[in-house]
Amino acid sequence: MAAPLDRRQLLPLLAGSAAIAGTLLLVGPGQNRAVIARRDEAPLAQRLLRFEDGPEGSVLILDAASREVLARFPIAEGGFVRGTLRALARERRQEEQGREAPFRLAAWRDGQLTLDDMATGRRVDLTAFGSTNAGTFARLLTAQGETR
């Protein structure tokens, strides 16, 4: 059994998650729910992803097609990833969408990195949260997976 986390370990995780969720809640309602199409532009790179709960509170990020694990975030790591996913999962529950539809991670010519929820049509501009946070997702575009 894992030892309980100290409050000092959870505070940065909770603060980051709250900031992300708050930003999405403030900006989200005013946005069109449809995924914004870019005219005649294909992304430079894209990958369909699935997110699953792993053992002991970890988060697993999988390639949607191959089901290979691309990244693992233990409970005290990946605050930005967790916060982003929590906000998108909340929207899926509100819209009574299931977990089956994948998410599309896409890199664009203008440097933008987006995460599209294929179930709700919500798009998150990951570059708006800074290069460190966006970089966490950008690495998934080329990550080599491990078989589960």
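Taking the criterion of being out of contact with any Ser or Thr (no Cβ under 9 Å at 6 or more places or on another chain) and either touching a residue at least 60 places away in the same chain (Cβ under 8 Å) or over 16 Å from F51 (Cα atoms) (or both), the residues of the stretch 94-109 that qualify are E96, R109.
Selection over the stretch 87-121 of residues that are within 11 Å of the chain's Cα centre (by Cα) and surrounded by fewer than 16 Cβ atoms within 10 Å (Cβ to Cβ) gives a count of 1. Taken together, L85, L48, L62 contain a single residue that is in contact (Cβ under 8 Å) with a residue 40 or more places away in the chain, within 16 Å of T136 (Cβ to Cβ) and not in a loop (DSSP other than H, G, I, E, B), which is L62.
Coordinate-derived values only; no laboratory data. Just so it is clear, the model here is predicted, and its values are computed rather than measured. Every residue, glycine as well, gets a Cβ built from its backbone with ideal geometry; the counts of neighbours run over all protein chains shown.
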